[in-house]
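Single-structure report; data block below.
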């Protein structure tokens, strides 16, 4: 019998934050259940894509921040 794992369990495993007991259970389940293994492979692929994602603010946001900063009075130490 393969235990039921939550999405949270899978994410902890993918990010290597799962307990050693949970990690062993997931390893066993991956070897016994191809569909479970495929689901975890998809999670792992998504994690890799998220790690490569770079976010940048739009130019309007940057301009507003700079304009606000120019209006402020700063005191030197």
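Tell me, which residue of the stretch 1-48 that is outside any helix (DSSP H, G or I) and touching a residue at least 12 places away in the same chain (Cβ under 8 Å) is surrounded by the most Cβ atoms within 10 Å (Cβ to Cβ)?
If we filter the stretch 1-48 for residues that are outside any helix (DSSP H, G or I), which is where we start, we get 1-6, 15-19, 33.
Cutting the leftovers down to touching a residue at least 12 places away in the same chain (Cβ under 8 Å) gives us 2-3, 5, 15, 33.
Values: 2: 11, 3: 10, 5: 18, 15: 10, 33: 13.
This residue is 5.
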Inspect all residues belonging to the stretch 53-72 and state whether any of them is surrounded by 10 or more Cβ atoms within 10 Å (Cβ to Cβ) and in contact (Cβ under 8 Å) with a residue 12 or more places away in the chain. no
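We did not get these values from a lab; they are worked out from the coordinates using the rules stated. Since the structure is predicted, the reported quantities are computational estimates derived from the model, not experimental observations. Because the Cβ atoms are built from the backbone with ideal geometry, glycine has one as well, and the counts that use them run over all protein chains shown.
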